[in-house]
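Below is one structure, written out as structure tokens; the observations come after it.
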Amino acid sequence: MRQVLFILLWIAVGSKAWANPMPQSTANHFCQLLVQDADGRLKSINAFANGDVQLFAEYVFQHDGWRDLRIFPHGDHWYAATDMLPSSLDHEHQRYIQEVFPRMMKEVEAERWEVVDEYIDRLLAYQRQFNNASRTAAVKTHQSIPLLLSLVFGLFFLTPFIKKRFSKKTI
């Protein structure tokens with residue numbers, strides 16, 4: 001089923017593709033952005049890309065997938081570009097949230113990848129600045145847990161082999 005979805009996604013992307021594919025570096029850069037999922041958890045866009053960040057990023061831009069990505073933090077709340085924004089958000093933030101992707105889309109369509117990377121840099125800075133600090137710490141902790149668990153389990157399972165190997169040697 002997953003392969004069928006990828007094939008359909010590839011066909012959809014190819015049918016509306018720009019002349020040159022998005023550079024891998026730009027796709028990687030884009031997929032570093034954080035997004036709030038339907039359960040309220042923060043994840044990098046990488047988590048949704050299923051290993052093919054270039055294909056995913058191209059899909060997001062070519063099929064207006066950016067419209068529903070909740071990537072704009074303001075305290076504990078994250079907004080998508082098309083969300084109804086609260087009046088408590090000042091005009092400058094509302095304008096940025098509503099206009100940054102349409103402007104970036106023009107650069108994507110013109111294949112000005114350096115400018116697209118600059119937009120992504122600004123989005124990353126926006127996320128760092130306006131994200132609730134405790135949530136950012138939780139995301140970083142959440143991302144480091146698999147590595148820590150891998151190390152602990154690796155040591156746990158390798159310890160008997162190491163002991164066995166060195167205990168057989170006699171002096």
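One chain, two ends: D37 and H93. Fully extended at 0.36 nm per residue, the span grows by 18.0 nm beyond their Cα-Cα distance.
Placing one identical point scatterer on every Cα of region 61-107 and ignoring solvent, what is log10 I(q)/I(0) from the Debye formula at q = 0.16, 0.25 Å⁻¹? Values, matching the q order: -0.41, -0.93. The residues of region 33-90 present an accessible area of 46 Å² per residue when probed at 1.4 Å with all protein chains retained.
The values are calculated or read from the model by the stated rules, or taken from the named source; none is laboratory data. Everything quoted here is computed from the prediction, not taken from an experiment. Accessible surface is based on the protein model in full, side chains and every heavy atom, while ligands, DNA and RNA are left aside. Shrake-Rupley method; radii C 1.70, N 1.55, O 1.52, S 1.80 Å.
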